[in-house]
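Structure first, then comments.
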Amino acid sequence: MIRAPVAHRSSTPSACRRAGAERGAGPALAACVLGAWLASGCEPDRTPAPGAAAGMFPPHLPARVDSIARAARAAGPIAGLSIAIAHDGAPVFAGTWGVADVSSGAEVDRSTVYEIGSVTTLFTGAGAMLLADEGELDLDAPVASLLPALADVPHAASIRVRHLLTHTSGVRDFEPEAVDAWVEDGSPVTTALVLEAAREPLRFAPGTSWAYSNTGFRLVGEIVARLTGRPYGAFLEERIVAPLGLEHTSLCDERPEDPLRARIHDVGPDGFEVSRLDHQPGYTSAGGICTTIEDLVRLPGALTRSGLLSDSALARMLSPTVLVGGPTIDYGLGVRLGVIDRHATWGGMGGVGTYWAVLIHVPDDEITVAVLQNTDGAGEDALTIAGAVVRAALGLGPPTLRPAGVEHLGRFAGRYDDEGGGFAIALVGDSLIRSRGSKHALVPLGPLEFGWGLFPMDRFRFHELDGEIVGVSDYYNGLFAGFFPRLGGLETVPHPGTGGESAG
């Protein structure tokens, strides 16, 4: 498992899919996934059947998705995988590959239930906005006024509910301790553990920076339960899941022995084995939802069409966050925002050593892609697969990095805080080099935007205020992944060698 920092139902960029590359694992396996669907129109061994509305897409799309899935499983390895595409809110394609549980040999099918980790925040954000719509929840209310257990904590008076929903509260994440306890003795996440983390000193003043915090979303669940008088799971079922018509979605804690549930697997020396982190109870509103591929792919369309939320509430949920005295961050209220080749996106992602669950919605094209897999630490994760499927559904080719002339590259140099010891960006000759273990050249694509050859679908977007670079946002395959403030101090490198990948 990647443990620097821990990435479980939450995810920080340096902790998940890039961790192997940062330690010098070699060329990205993503290349085979990106290239697979460019193969000729040969019939695959098994083409998943598209839905009735598949005529909205090119006829070769099912074969391309099958090629993407097979390449990902071969490169992964991945025990089980499900992919779905929706158009105008209705599923038009659903394919499954592999096994849900290696111990029983049960195969993945459309009824297979997966843990979706941090994609849960989409549901929690929608629930909070529903209560705000009804006048039951004030997003600007101090957390101390809503949770008596934190009433005596001075900084709880400065944290607003919207800070929890946007990961701008500064509240420490309980996850590292929770994962250690689960591995050691099977301890679940408890409310006491969450409150203990919330009482500790803040990482930064609320609203001034961004850092993923399971604690924040777990606190939102506690607030929802207190306001409604219902456990979070009951609120989820009655006010979100049922009205949206999601028939197979609930808290994982309520279906621990479900025979349809996909088990999380590790890749051991003898092949796949059920992971010790297969299911850790207690994540609830922070990362504890289980669902099927077809329920998940319906979610964006259901949210935007059902009338569950008012237009203004939905717009607020999907709006970026403006930091106090700082940049605008592409994270809404439980929602990651982004762009793929000028197509705006929103959605979510979650997992442990790699991402298991990804949901990407392209609103202008009314296309949604959901990817679920059940293998932790796989070489190819759900994000890489989802990005390739979105591009195929949009009729886009593989991403290309077209270098642009950018003046004064040295102003981007410095150290940036990523919660895992930080990383450096240095000017070496005429190139910017990102260093965290290994070194990789950044490719300038515009005045403040850079890519890198290792993950060509990803982007670094720097933030500039009053002529100074103050931080950088990281985007994975079209979705915001994290914001890293600049710590200052120019990096100097005494020799021109990169020790890693070149800009070409």
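The values are calculated or read from the model by the stated rules, or taken from the named source; none is laboratory data. In this text the structure is predicted, and so the values were computed from the model without any measurement. When we count neighbours, we look across all protein chains shown, and the Cβ atoms used for this are built from the backbone with ideal geometry, even at glycine.
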Looking only at residues that are at pLDDT 90 or above and within 21 Å of VAL339 (Cβ to Cβ) in the stretch 404-431, which one is farthest from the chain's Cα centre (by Cα)? ALA404
For GLU238, which of the numbered conditions (1) in contact with a strand residue (DSSP E or B) (Cβ under 9 Å, 6 or more places away or on another chain); (2) without any contact (Cβ under 8 Å) to a residue 24 or more places away in the chain fails to hold? (1)
Go through (1) at positive phi; (2) part of a helix (DSSP H, G or I) for GLY207 and report which single condition fails. (2)
Considering every residue within the stretch 472-480, establish whether at least one is at pLDDT 95 or above, in a strand (DSSP E or B) and surrounded by fewer than 19 Cβ atoms within 10 Å (Cβ to Cβ). no
Any residue that is surrounded by fewer than 17 Cβ atoms within 10 Å (Cβ to Cβ), modelled with pLDDT of 95 or more and either out of contact with any Phe, Trp or Tyr (no Cβ under 6 Å at 6 or more places or on another chain) or of a type outside the set (Ser, Thr, Tyr) (or both) - is there at least one of those in the stretch 111-122? yes
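How many residues does the stretch 343-354 contain that are assigned to a loop (DSSP other than H, G, I, E, B) and under 19 Å from THR121 (Cβ atoms)?
Taking the stretch 343-354 and keeping what is assigned to a loop (DSSP other than H, G, I, E, B), we get 352-354.
Next cut, under 19 Å from THR121 (Cβ atoms) only: 352, 354.
The qualifying residues number 2.
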Take the residues in the stretch 157-190 that are more than 22 Å from GLY420 (Cα to Cα) and touching a residue at least 60 places away in the same chain (Cβ under 8 Å), then tell me which one is nearest to the chain's Cα centre (by Cα). LEU165
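ILE289 - would you say it is over 16 Å from THR121 (Cα atoms), β-branched (Val, Ile, Thr) and crowded, with 21+ Cβ neighbours inside 10 Å?
Taking the combined requirement at face value, the residue does not satisfy it.
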Of the conditions (1) at pLDDT 90 or above; (2) farther than 25 Å from GLY348 by Cα; (3) assigned to a loop (DSSP other than H, G, I, E, B), GLY497 fails just one. Which one is it? (1)
Please enumerate the residues belonging to the stretch 438-448 that are in contact with a Lys or Arg (Cβ under 9 Å, 6 or more places away or on another chain) and buried (at least 17 other Cβ atoms within 10 Å of the Cβ). SER438, HIS440, ALA441, LEU442, VAL443, LEU445
For the list (1) over 21 Å from ALA84 (Cβ atoms); (2) assigned to a strand (DSSP E or B), I need the number of the one condition that PRO281 fails. (2)
Going residue by residue through the stretch 92-103, is there one that turns out to be outside any strand (DSSP E or B) and at pLDDT 90 or above? yes
Restricting attention to the stretch 257-278, does a residue exist that is touching a residue at least 12 places away in the same chain (Cβ under 8 Å) and more than 24 Å from ASP101 (Cα to Cα)? no
Let me confirm something: among GLY127, GLY105, which residue is of a type outside the set (A, V, I, L, M) and surrounded by 22 or more Cβ atoms within 10 Å (Cβ to Cβ)? GLY127
Assuming SER145 fulfils every condition listed in (1) surrounded by fewer than 19 Cβ atoms within 10 Å (Cβ to Cβ); (2) assigned to a loop (DSSP other than H, G, I, E, B); (3) at pLDDT 95 or above apart from one, which condition is it? (2)
Would you be able to tell me the number of residues in the stretch 303-342 that are surrounded by fewer than 19 Cβ atoms within 10 Å (Cβ to Cβ), of a type in the set (Gly, Ala, Ser) and not in a loop (DSSP other than H, G, I, E, B)? 2
Scan (1) at pLDDT 95 or above; (2) of a type outside the set (A, V, I, L, M, F, W, C); (3) within 14 Å of PRO281 (Cα to Cα) for the single condition ASP173 breaks and write down its number. (3)
Confirm whether GLY421 is in a loop (DSSP other than H, G, I, E, B), out of contact with any helix residue (DSSP H, G or I) (no Cβ under 7 Å at 6 or more places or on another chain) and either surrounded by 17 or more Cβ atoms within 10 Å (Cβ to Cβ) or touching a residue at least 60 places away in the same chain (Cβ under 8 Å) (or both). yes
Mind listing whichever residues of the stretch 95-113 are touching a Lys or Arg at 6+ places or on another chain (Cβ under 9 Å) and over 20 Å from ALA74 (Cα atoms)? SER103, SER104, THR112, VAL113
Of (1) closer than 29 Å to PRO142 by Cα; (2) in a loop (DSSP other than H, G, I, E, B); (3) at pLDDT 95 or above; (4) over 20 Å from the mean Cα position of the chain (by Cα), LEU244 satisfies every one except (1)
Which numbered condition SER67 misses (of (1) farther than 25 Å from GLU273 by Cα; (2) among the polar types (S, T, N, Q); (3) at pLDDT below 90): (3)
Hits in the stretch 371-388 - residues which are outside any loop (DSSP other than H, G, I, E, B) and either among the aromatic types (Phe, Trp, Tyr) or closer than 20 Å to THR112 by Cα (or both): VAL371, LEU372, GLN373, THR375, ALA382, LEU383, ILE385, ALA386
